[in-house]
1. Would you mind checking which residues have amide H under 5 Å from L156's amide H? H placed 1.01 Å from N; only 5 or more apart, or other chain.
2. Give me the distance in nm between label points sitting 7 Å out from Cα along the Cα-to-Cβ direction at S40 and A174, one decimal.
3. Provide, in order from the shortest bin, the percent of all Cα-Cα pairs of segment 169-209 in each 5 Å bin, continuing until the bin that contains the maximum pair distance.
4. Skip the ligands, DNA and RNA, and give the accessible area per residue of segment 1-61 with a 1.4 Å probe, whole Å².
5. Can you give the accessible area per residue of segment 150-220, in Å², using a 1.4 Å probe?
6. Between E59 and K203, how many nm apart are label points set 7 Å from Cα along the C-beta direction?
7. If r is the Cβ-Cβ distance from T122 to N212 and R0 is 22 Å, what FRET efficiency results, to the nearest 0.05?
8. Sort 50-58, 185-193 by packing, meaning the average of other beta carbons within 10 Å per residue, with the highest value first.
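The values are calculated or read from the model by the stated rules, or taken from the named source; none is laboratory data. As the structure is a prediction and not an experimental result, all values here were calculated from the model. Here the Cβ positions follow ideal geometry from the backbone for every residue, glycine too, while neighbour counts run over all protein chains shown. Just so you know, the surface numbers come from the protein's heavy atoms only, side chains and all, with ligands and any DNA or RNA stripped out. Shrake-Rupley method; radii C 1.70, N 1.55, O 1.52, S 1.80 Å.
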Amino acid sequence: MTQLVFIENGQTVTDSLTVAEVFGKRHSDVLRSIANLECSEEFNERNFASVDYIDGKGETRPKFIITENGFSFLAMGYTGKEAARFKEMYITEFNRMKETLNAPQVPVLTERQAIIQSLKLTAEMAEEVEVVKATTAEHGTKLVEIEQKLDKQITLNSGQQRTLQRAISRKVYAIEPDKDARGELFQQLHREIKDRWQVTSYKDVLRKELENVLNYITYWRPIKKGE
């Protein structure tokens, strides 16, 4: 399933793209609903932040980052049994993410810090590899372990994450012309990727596995109900 809630700047939030996908609405309609909310300007500024994103065609589009209070206000207008179920899912995820936020945190690195740390780690391992090569053949096993350790630590960067997102979007849109049915396909494909590669989010896919994941998406077919 698509990640409903995430943490940004120390706050639990969602975004208008995710809301549109989950509730089976056009993103433009969600943007219009936000623009027409009968809330104060102060409330709007605190709970709806306009940002840009790159769509599946590589074009820059607007979306909103939405706080928990903002989502509650927006979702008041969504009625029906399915909408109620999705609201419950969101409430559960907001609560879960708040618990995560309040738990003892491991320091979060900026992308620049992560790159520097990765380079340092690579340099340290390179030194260790050279030392191992200079020793006797009995250290061959250790060399393999070091190389495997490096492979297991590098996940997708932001550009590769967008490549994976665009591939998923293209596949779902190619299979399903009905916008109301796409939400289930997005959830199913995200779930299969996480299960197959044993990750909690597509962002955690190892960089070395990106090509395999993209090939999987290319030949993916949804499981229809009743099969």
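1. V205, R207
2. Placing both labels 7 Å beyond Cα along the Cβ direction yields 5.0 nm.
3. 5, 23, 26, 18, 16, 10, 2
4. About 57 Å² of surface per residue is accessible.
5. Each residue of segment 150-220 exposes 58 Å² on average to a 1.4 Å probe.
6. 2.7
7. 0.45
8. By packing density, highest mean first, the sequence is 185-193, 50-58.
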